[in-house]
1. Restricting to DSSP loop positions (anything but H, G, I, E, B) with no more than 14 other Cβ atoms inside 10 Å of their own Cβ, which GluC sites (Glu not before Pro) remain in region 1-95?
2. Please give the FRET efficiency for TRP122 paired with ASN197, using the beta carbon to beta carbon distance and R0 = 41 Å, rounded to the nearest 0.05.
3. How high is the FRET efficiency from ASN7 to ALA170, r the C-beta distance, R0 45 Å, rounded to 0.05?
4. Would you be so kind as to identify which of ALA80, VAL180, GLY63 lies farthest towards the positive end of the dipole of the chain, taking Lys and Arg as +1 and Asp and Glu as -1 on Cβ and the Cα centre as origin?
5. Suppose only helical runs count, i.e. DSSP H with n ≥ 4. What mean residue ellipticity at 222 nm does that imply for the chain under -39500 (n - 2.57) per run, divided by all residues and rounded to the nearest 500 deg cm²/dmol?
6. For Cα pairs less than 8 Å apart in space and 6+ apart in sequence, what is the mean separation divided by the residue count of the chain, i.e. the relative contact order in percent?
7. May I have the convex hull volume per residue, in Å³, for the Cα set of region 21-109?
8. Find how much the distance from ASP144 to GLN43 grows on full extension, using 0.36 nm per residue of separation minus their present alpha carbon separation; answer in nm with one decimal.
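Please treat every number below as a calculation from the coordinates, not as lab data. No experiment lies behind these values; they were computed from the predicted model shown. Here the Cβ positions follow ideal geometry from the backbone for every residue, glycine too, while neighbour counts run over all protein chains shown.
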Amino acid sequence: MTIDGVNPPEFALNAINLASAGLGARPVFATDEFFAPLERMLQDAPPVYHPGVYDENGKWMDGWETRRRRGPGNDHAIVALATNGLIRGFEVDTAHFTGNYPSACAIDACLAPDGPDDRTVWTELVCPRPLGPSALHHFEARSDSVWSHVRLRIYPDGGVARLRVYGAPALDRAAIGDTVVDLASSLLGGRIIAYSNGHYGHQRLLAPGRGINMGDG
């Protein structure tokens, strides 16, 4: 668990978030999304809390949140990464989930170019680890394999504000062939290693596509 005021681990500082919705990561499946949809967990912006805001299912929360389970088992969600890549570590953020956070989580990964199905073999990269209320949790992944999807298992249920998957894109030279590509793209491994001033941000500078607004850079 990362404590306030302590710098995050090295893998969270020198890699890109392969689970970034802004880079193209997308939700694939969730066992339950009653209180909050899975897509919110992949947003790039820090999670927010709006006191007094409710929707048809209850308190509005910025993240993925499932209902309390009344039987055995646990909830899980599958996310397609923005691009195939090596995974160095994970950040599981339970910000603003103070009484309805999972007590633990585990994370698996797979390489499934056509998407995972019932025959997909999943590899556990993070064994079940405890989670705390409204806190950042960092888990290192020791793997040299290339992955396309991750599966977040929560025990038994609850809410996760953000999931970040830190790693490096896997450059498939055979697939690129003679195609002209943007070698600075974060999806092809480009990353910013230094800047004179990052007060207004820099993480989106190498993102694909056109900038959305003056803050998207």
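1. Working: sites: GLU10, GLU33, GLU39, GLU56, GLU65, GLU91; in loops: GLU33, GLU56.
Hits after loop and neighbour filter: GLU56.
2. Numbers: r = 43 Å, r/R0 = 1.04.
For TRP122 and ASN197, the calculated efficiency is 0.45.
3. Values: r = 27 Å, r/R0 = 0.61.
It comes to 0.95.
4. Comparing the listed Cα positions along the dipole, GLY63 ranks first.
5. -500 deg cm²/dmol
6. Working: 494 pairs, mean separation 57.2, N = 217.
Worked out over the chain, it gives 26 percent.
7. Values: hull volume 10.7 nm³, N = 89.
Convex hull volume per residue, Cα atoms: 120 Å³.
8. Gain on stretching ASP144 to GLN43: 33.7 nm.
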